[in-house]
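Quick note: the coordinates plus some simple rules give every number you see, no bench work behind them. On a predicted model such as this, the values are computed, not experimentally measured, just so you know. A quick note on method: Cβ atoms are made from the backbone with ideal geometry, for glycine too, and the neighbour counts reach across all protein chains shown.
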Amino acid sequence: MRWWVNIILSVILIVLIIPTLIIKGFSSDEAGKGSISGDDEHGDEISITRRMSEPDVLMYDHSAKKVVRLPIEEYVVGAVAAEMPASFELEALKAQAVAARTLAIKKMRAFGGRGCEKHPQADICSKFNHCQAWISEQQMKNNWKDNYEANYEKIKKAVDETAGYIITYNNKPIEVFYHSTSNGRTADSGEAFSTSLPYYGVVDSPGEEESPRYRQTFTFSNAEFVKIFKKRYPNSKLSSSNLASQIKIKSYTESGRVAEVEVGGITVKGTDFRFLYGLNSTDFKFRFEKDKIKIDTTGFGHGVGMSQVGANYMAKQGHTYIDILKHYYKGIEVDIYR
């Protein structure tokens, strides 16, 4: 009977030892993906859960002319550094970080997004006029020089303190728009783009006068103005003599921007006219002189969503980044995307 005893003892040993080996094997595998209390490259403690769950974004870097893979929070640091002055208040930088993160998450294929239309192999690109601006740490060093360390740490702090948070509407990330400087009121998305969205509308945005781009004048000779217009609208009967009688603002939007302008008998959308002449905004007025025309603009950008200058003003008044976001985006929540 002793051989039965040996078999029983062997089975008991197998039952006790194998689960231990399996558990150790899995623990070793998980630890290889990130240290439980290890430091990242900037010396910040990061949990194994956060490191493992933080997704990567595929970005087409226009400077490097290639697609790069970045952890989402590292990407957001570069986006905030490119999109908002580091001199702005911390709460404004936090609002920008959440907006930048939301824009990226909305585009990422890992979250069901469509990616970057101009660079199909990427989720997003580094162009401000297509996706969102982004700069590398080397570019930050080149831009900020002696202020690099202080500026980097400030922006990193804004990103770290909002890590994982995005703007949602009905539990989904919103389509994010923001701009530099409003004319004192933001624009509804339908004014600047083809579609109205429920979380955009016209809201007051005080403190805009602080921006150096709040007011700017663009000057064209009469001949130059006509040449630009006829290149785009060759059938126009516009002539350089007596321009004042040939140009008329036909209508305004709710936010006080130009909806339509008539030039030489042709009606043009305010948004189209702005881009045709390279104007700062669609809030513009004409001044006619003997042989030149001056166009005065108020604000800088399309005017939809958060005004960065307005956000900075609100931060100076003691408002938090959540206050800022809920002011510019109506009916939204600020939630963790995970």
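If Lys and Arg each add +1 and Asp and Glu each add -1, what is the summed charge of the other residues whose beta carbon sits under 12 Å from the beta carbon of Lys230? Could the numbers behind the result be given before it?
On the way: positive: Lys227, Lys231, Arg232, Lys237; negative: Glu224.
Its environment carries a net charge of +3.
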Please go through the residue pairs Lys66/Lys157; Lys118/Lys156; Lys94/Lys316; Lys107/Lys316 and name each one whose alpha carbons sit more than 25 Å apart in this structure. Lys66/Lys157; Lys118/Lys156; Lys107/Lys316
Please list 3J(HN,Hα) in residue order for segment 54-66, calculated via the Karplus relation 6.51 cos²θ - 1.76 cosθ + 1.60 where θ = phi - 60°; whole Hz, with x for glycine and proline. 5, x, 9, 10, 9, 10, 7, 8, 5, 6, 7, 6, 7
Theoretical FRET efficiency, 1/(1+(r/R0)^6), r = Cβ-Cβ of Arg213 and Glu289, R0 35 Å, to 0.05: 0.90
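Can you tell me the relative contact order of segment 215-298? Whole percent, Cα pairs under 8 Å, sequence separation 6 or more.
Relative contact order comes out at 34 percent.
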Please list the radius of gyration and Dmax for segment 215-298, considering alpha-carbon atoms only, with Å as the unit. 11.8, 33
Select from Leu276, Phe225, Ile266 the residue farthest towards the positive end of the dipole of segment 215-298; place +1 on Cβ of Lys and Arg, -1 on Cβ of Asp and Glu, and compute about the Cα centre. Phe225
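Please give the contour-minus-distance gain from Glu161 to Arg109: 0.36 nm per residue of separation, less the Cα-Cα distance, rounded to one decimal in nm.
Details: separation 52, 0.36 × 52 = 18.72 nm, distance 2.53 nm.
Answer, rounded to one decimal: 16.2 nm.
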Would you list which lysines come within 27 Å of Lys290, measuring only between C-alpha atoms, while excluding same-chain residues fewer than 8 positions from it? Lys227, Lys230, Lys231, Lys237, Lys248, Lys250, Lys269
The aspartates and glutamates whose Cα lies under 15 Å from the Cα of Lys294, excluding any fewer than 8 residues away in the same chain, are Glu224, Asp283
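Ranked by Cβ crowding within 10 angstrom, fewest neighbours first, how are Arg213, Arg114, Arg185 ordered?
On the way: Arg213 16, Arg114 11, Arg185 21.
Fewest-to-most ranking of Arg213, Arg114, Arg185: Arg114, Arg213, Arg185.
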What full-extension length gain, to one decimal in nm, is calculated for Phe128 and Asp56 as 0.36 nm per residue of separation minus the Cα-Cα distance? 23.9 nm
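If we count other beta carbons within 10 Å of each Cβ, what is the order of Thr162, Thr168, fewest first? Present the calculation step by step, with values, prior to reporting the outcome.
Values: Thr162 23, Thr168 19.
Lowest to highest Cβ neighbour count: Thr168, Thr162.
For the ranges 77-83, 330-336, what's the packing order if you count other beta-carbon atoms within 10 Å of each residue, average per peptide, and put the highest first? It would help to have the intermediate numbers written out before the result.
On the way: 77-83: 24.7, 330-336: 14.1.
Packing order, densest peptide first, comes out as 77-83, 330-336.
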Would you tally the net charge around Asn312, using a Cβ to Cβ cut-off of less than 14 Å, leaving Asn312 out, and scoring K and R as +1, D and E as -1? -3
Lysines with Cα under 16 Å of Lys145, excluding same-chain neighbours fewer than 8 positions away: Lys154
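For a quick check: sort Asp123, Asp160 by the number of other beta carbons within 10 angstrom, fewest at the front.
Values: Asp123 28, Asp160 17.
Least to most surrounded, the residues fall as Asp160, Asp123.
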Could you go through segment 76-81 in sequence order and give the Karplus-derived ³J(HN,Hα) for each residue, using 6.51 cos²θ - 1.76 cosθ + 1.60 with θ = phi - 60°, rounded to whole Hz, and x for Gly and Pro? 5, 4, x, 6, 5, 4
Which distance in nm do the two modelled labels at Ala223 and Lys66 give, with both placed 7 Å along the Cα-to-Cβ direction? 5.0 nm
Using 7 Å Cα-to-Cβ label points, what is the Asp296/Ala259 separation (nm, one decimal)? 2.4 nm
